[in-house]
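Working notes, structure below.
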Amino acid sequence: MLLAESSLVEFQSDHQHWLREIERWEGCLDLWENEQTLLEREISRLQDAIQNHGSELRAHIEALKTLKAEIASSEREMIVRKGTAVDRSLAEAHSKIERNHAAQRDLHERFKRIHHTLMERLDLCED
């Protein structure tokens with residue numbers, strides 16, 4: 001629009017249109033600002049969950065190493081006692097390993113679910 005063709009009425013019309021558009025934008029921005037606060041809280045919560053998962057995962061790794069060592073020790077003890085009847089101490093050790101193994105199995109399944117959930121959330125962040 002050329003200056004010569006412009007009028008104050010047209011300018012005012014433009015101004016009103018722009019102000020209405022800005023008001024719509026501000027409405028969106030208010031909503032987005034609130035959502036941004038929620039996102040920041042969720043990211044913080046997710047970051048804590050990831051750190052806890054890592055600590056627990058490392059503890060699980062160490063527990064599995066201990067379990068493997070207990071199984072190997074039991075195997076060695078059985079070799080030493082080759083051909084003899086199972087005594088109380090061997091049976092108790094075996095029972096302890098069995099309980100520990102079952103607990104580690106349950107823990108491993110829990111870690112698998114948590115790990116998959118965390119990785120899915122990470123995928124959502126990449127989109």
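The numbers here are math on the coordinates, done by the rules we state, and not lab data. Worth saying up front: this structure is predicted, and the values here are computed from it rather than measured. Cβ coordinates were reconstructed from backbone atoms using ideal geometry, including for glycine residues, and neighbour counts include every protein chain displayed.
Here are the numbers for the structure shown:
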{"item": "Length gained when the stretch Glu92-Arg121 is fully extended (0.36 nm per residue, less Cα-Cα span)", "result": "6.1 nm"}
{"item": "Nearest-0.05 FRET efficiency for Leu39 and Leu19, computed from C-beta distance (R0 22 Å)", "result": "0.15"}
{"item": "Gaussian network model of the chain, springs between alpha carbon atoms under 10 Å - residue of Leu29, Leu46, Leu107 with greatest fluctuation", "result": "Leu29"}
{"item": "Qualifying aspartates and glutamates (Cα of each under 15 Å from Cα of Lys112; at least 8 residues distant if same chain)", "result": "Glu56, Glu120"}
{"item": "GNM top mover of Leu90, Leu67, Leu19 - the chain, alpha-carbon springs below 10 Å", "result": "Leu19"}
{"item": "Computed magnitude of the charge dipole of the chain (debye, nearest 20; Cβ of K, R +1, Cβ of D, E -1)", "result": "1800"}
{"item": "Net length gained if the chain between Asp30 and Arg81 were fully extended (0.36 nm per residue, minus Cα distance)", "result": "10.8 nm"}
{"item": "Percent of alpha-carbon pairs separated by more than 24 Å within the range 11-107", "result": "61"}
